[in-house]
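**Q** After the structure tokens below, expect a handful of questions from me.
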Amino acid sequence: MWRDSTSQGIRSGRRFVVIGNPGSPRIGLFDAALDRQGHPPAVLIPWLDWIEGRSHLSDILRRGDVLRIESPGRHFGTERAILACGSESAEADDCAFLSPAQVSALGFDKGRILCPRQWYLGFRLLLNRLKRELDELGMGSELVLMNDCDEIALMFDKPACHRAMTAAGIPVPSSLGQPSCYGELVTRMTEMDHLRVFVKLAHGSSGSGIVAYQTDGRRHLAWTTVETEAHSGRMQLYNTRKLQRLTSQSDIAGLIDALCKNRVHAERWIPKAGMDGMCFDLRAVVIAAAPAHVVARLSTSPVTNLHLLNQRRSAAVTRHRIGEEAWSAAMRTCAAAMRIAPKSLYGGIDLLVTPDFKRNAVLEINAFGDQLPGVLHNGLETYDAEIRALAAVRVVEGAIA
Amino acid sequence: MSIHENLTTFQGKNVEDFDPDQPLGDPRTVAYRIRLEWDEGNAGTKWVDKFAQLLEKPDSGKVESLVIGAWEEVGGGTDSASIVEALAAARDDLPGLKHLFFGDITSEESEISWIMQTDLSPIFEAHRQLEYVTIRGGGGLALGRVRHERLRELIIQSGGLPPQAIHDVLASDLPALEHLELWLGEPNYGGSATAEDLAPLLGGEQFPKLKYLGLKDSVIADELAGVLANSPILERLDVLDISMGTLGDEGARALLASSQISKLKKLDVHHHFISDELVAKLQSLGIDVDASDKQKPSEWRGEQHRFIAVSE
């Protein structure tokens, strides 16, 4: 577990290596942070090169290096390679899937949601391979890992995170499980008397594949970040920044059925508190077990994700609005939530505060949820704070001795 | 657009969520809100249970301002009947109740047009000291024919106000009423009233003390402006509020042509579809005009659509 420690930490002179996608803003932002903290730029191992065997960890990593695993997202070549890896498992898993031939024939189609369950299964296999290769290097504690392969896989699995948090006593909205179709969802909603629910792709990120659905048995209303398009008789799903509103039960059922083929996680829609005339939730980046950078994400719709271009408020403004007691409680919950991934130096927690400010609940944990450029905590951006934290922490039962 | 934030103040008082585990503060300086949060609903607690706990507190008899927040399964169709019953039964427990907000509920808790109200007349019959009442949610709403000597302000916020509720208000005997605000909403959500439904009001006989008239959030704002412009009631008003609706040039022209319009103290048309040219004319009437928040019609299937501020 990441803890403050007086033992020797990471001093300048260590070399940073990043597995990531070339051209990703995350890489440039991290290099800029390294520069500010007195380190040379990181050595980049492109995901695609590593996946396809053109780049080998053993050729690059040296004792004493720090390894950061970055998001493999927003890179079509990498996406295709991950999908190809997941093809076999996805077929066995009985979810929507594409054969390796279909994957290689794919052209870039902006915003299209491509078999996220298959993507996850492929990514999990790759994380397992990465973990194995790292073990085989035999560097032990002489290779410092900012992330943990198993924990990244966990954080990309919403139902598993929900189970882990429930087991740890962390407040979460009650789960309606992983319904296989709209009909099953409605049955569970009725059984549990939850007539307002969020249905999310089990392995979606950045607001992808979210439906906020409510019914009183007579009326139906859904807000969603998914746009559907019919292509030669088949429904294709696209992410959209313009929230869609559906009121026809058959449209809603069709959308949810399509999402269910990629596995969904359904949970109760708990009301969020408001400020400045909008509702909000919090994104808190927890670094070395301590809540650090926080922004409130404001919205006039139930969906608050940052990529939907919603407004933000600073930690200071939010803290003032909800009061000291509610703020401390929220930060305690974020820290507790991060303990389901104790070997990860950082993670992004999405947290709601209820309208009376007296309760909170964790909505999501994001393995790569630390990209908040311009947001400062103790004068540092997230990446700077992570690099600094390495200098002051050690891992118990983990990589740093 | 809809409502996303709970009240922070009501009638000049800070709103505080009632906590059964805490003593009451000074009930004259605080507006207590009773609400149920999700986990309380899970545990089987009902709104009326918390209300009963409020009444058990010493000093609860001094409460002047009460805010009714989300009740159990408010977004799932549970109506306010049990609350009305409990509040009416508390007639002697709350002898000083002057200010009531019935339904401080955000769209995160329930869309405004999904809030199910009921016949609220028992509250007016029981609480004769009430002066300011705001009701949110028009679904199932009825008021009976209220006879109330003290009521000075009545606001009904809705995404669609049923004609029956309007008939009830207009058939009520409210000699002290100074401020009347009705959010009419749109037909999809029950707001099917026409200008004819509002005719009894325009004659100017009713509500002798009325100074503020708001016919807001309406899809027939142009038509309403047309009939208001020439109606006797305009002579008695300080403020005419046709905001939040679909008011456009047609309504603006009717208002500009009225001989009475410049005798108002204030005209509120914010959230409107009026051209800049006519906005400028309204603003040169020599009265206070709020023409902020100009809207653009939305294009859909080749047609232009005007949306009101609060519906759903």
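The values are calculated or read from the model by the stated rules, or taken from the named source; none is laboratory data. Remember, it's a predicted structure, so these values are computed and weren't measured experimentally. Here Cβ is always computed from backbone atoms with ideal geometry, including for glycine, and neighbour counts include all displayed protein chains. Ligands, DNA and RNA are excluded from the accessible area calculation, which covers all protein heavy atoms including side chains. Shrake-Rupley method; radii C 1.70, N 1.55, O 1.52, S 1.80 Å.
**Q** Restricting to bridges with both residues inside the protein assembly as shown, how much of the DSSP beta-bridge set is antiparallel, in percent to the nearest 5?
**A** 55 percent
**Q** For the stretch B:182-190, take each phi angle, set θ = phi - 60°, evaluate the Karplus expression 6.51 cos²θ - 1.76 cosθ + 1.60, and give the result in whole Hz per residue in order, putting x for glycine and proline.
**A** These are the phi-based 3J(HN,Hα) values: 10, 8, 7, x, 10, x, 4, 10, x Hz.
**Q** Continuing with the same structure: For the stretch B:82-96, in order, what is each residue's ³J(HN,Hα) by Karplus, 6.51 cos²θ - 1.76 cosθ + 1.60 with θ = phi - 60°, in whole Hz (x at glycine and Pro)?
**A** Per-residue couplings from phi come out as 5, 6, 4, 4, 5, 5, 5, 5, 8, 3, 7, 7, 10, x, x Hz.
**Q** What residues qualify as long-range amide H neighbours of residue A:292, i.e. H under 5 Å apart, gap of 5 or more or another chain, H built at 1.01 Å from N?
**A** A:285, A:286, A:287
**Q** Pop out the carbon and sulfur fraction of the accessible area of the stretch A:314-358 as a percent, whole number, probe 1.4 Å.
**A** Looking at the stretch A:314-358 in its full context, I get 55 percent from C and S.
**Q** Would you mind pulling out the separation of the Cα centroids of the stretch A:357-387 and the stretch A:173-228, in Å?
**A** 27 Å
**Q** Right, something else. Spelling out what I want: for every residue of the stretch B:138-149, take phi, set θ = phi - 60°, compute 6.51 cos²θ - 1.76 cosθ + 1.60 (Karplus), and round to whole Hz; glycine and proline get x.
**A** Values, residue by residue: x, x, x, 6, 9, 10, x, 10, 6, 10, 8, 6 Hz.
**Q** What does the convex hull of the Cα atoms of the stretch A:63-210 come to per residue, in Å³, rounded to a whole number?
**A** Spread over its residues, the Cα hull of the stretch A:63-210 gives 149 Å³ apiece.
**Q** Continuing with this model, one more query. For B:48, A:294, write out the residues from largest to smallest accessible area, computed with a 1.4 angstrom probe and no ligands counted.
**A** Listed by decreasing accessible area, they come as B:48, A:294.
**Q** Residues with amide H under 5 Å of residue A:298's amide H, sequence separation 5 or more or different chain, H placed in the peptide plane at 1.01 Å from N; which?
**A** Residues meeting the criterion, in which the H sits 1.01 Å from N, are A:311, A:312, A:313.
**Q** Sequence-distant or interchain residues sharing an amide H contact under 5 Å with residue A:61, placed H: which?
**A** Under 5 Å from the amide H of residue A:61 lies no amide H from a residue far enough along the sequence or on another chain.
**Q** Which whole number gives the average count of other chain Cβ atoms within 10 Å of the Cβ atoms across peptide A:293-303?
**A** Per residue, the number of nearby Cβ atoms from other chains is 1 on average.
**Q** While we're looking at this one, here's another question. Can you pull out the buried accessible area for chains B and A, both sides counted, probe 1.4 Å, rounded to the nearest 100 Å²?
**A** Interface between B and A: roughly 2500 Å².
**Q** Take chain A, connect every pair of alpha-carbon atoms lying under 10 Å apart with a spring to form a Gaussian network, then pick out the residue of A:77, A:64, A:38 with the largest mean-square fluctuation.
**A** Greatest mean-square fluctuation among the candidates belongs to A:38.
**Q** Considering only protein heavy atoms and a 1.4 Å probe, what is the carbon-and-sulfur percentage of the accessible area of the stretch B:127-260?
**A** Looking at the stretch B:127-260 in its full context, I get 47 percent from C and S.
**Q** Say a paramagnetic label sat at a point 7 Å from the Cα of residue B:292, along Cα to Cβ; which residues of the stretch B:251-268 have their backbone N under 20 Å from it?
**A** B:265-268
**Q** Tell me, what is the per residue accessible area of the protein assembly as shown in Å², probe radius 1.4 Å?
**A** Result: 40 Å² per residue.
**Q** Moving on to the next point. What share of the DSSP beta bridges in the stretch B:146-300 is antiparallel, in percent to the nearest 5?
**A** In the stretch B:146-300, DSSP labels about 5 percent of beta bridges as antiparallel.
**Q** Something else: Stick to Cα atoms and the Kirkwood definition of Rh, then tell me Rg/Rh for the protein assembly as shown.
**A** Over the Cα atoms of the protein assembly as shown, Rg/Rh equals 1.03.
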